[in-house]
Structures are given as structure tokens and as C-alpha cells.
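The values are calculated or read from the model by the stated rules, or taken from the named source; none is laboratory data. Everything numeric here is computed off the predicted structure, so don't read it as measured data. Note that we place each Cβ from the backbone using ideal geometry, even for glycine, and neighbour counts take in every protein chain shown.
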Amino acid sequence: MAYITVCTVLGLVIGWLPLLAHGPIPYKFDTVRMNGAVAVWAFYLARLLIGLLVGITRSPARSPR
């Protein structure tokens, strides 16, 4: 597999781990007049995008001397 593919997949997996381990509780947001389900999924989506961006970012190639 290409390096960028491995990094992208790994970034997505690492970004999705908070959903499996812990996360915000929707009913806590309902008490402050927010839609709890939307707020929680926005949290998960933000974490997944952070994982994706970290995964697809790679260092530039070395320039030949």
C-alpha cells in the first residue's frame, strides 16, 4: 500500500476511536436548549475530520543535493 493511503486509513481509525471509548452524552446538551443528538454527532464528525487531516498530511519529499 502507498504511504499516503496507510496514513489516511490510520488517521480515520484514530479519529473514530473516541466514539468507541467515550464521548459526550446527548441529554446534557438538551438541558441548555440544544439538540443533543446533533451536537454529539458534530463532535464525532469533528474528531473524525481531525484524524483524516492528520492522516493525509505528510512531510514534503527531500530535495536532492
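Just a few scattered comments:
- Y44 being touching a Leu at 6+ places or on another chain (Cβ under 7 Å), on the phi < 0 side of the Ramachandran plot and hydroxyl-bearing (S, T, Y): yes
- Among helices (runs of 4 or more DSSP H) entirely within the chain, having at least 1 residues that are surrounded by fewer than 13 Cβ atoms within 10 Å (Cβ to Cβ), at pLDDT below 75 and among the aliphatic types (A, V, I, L, M) singles out 3-21.
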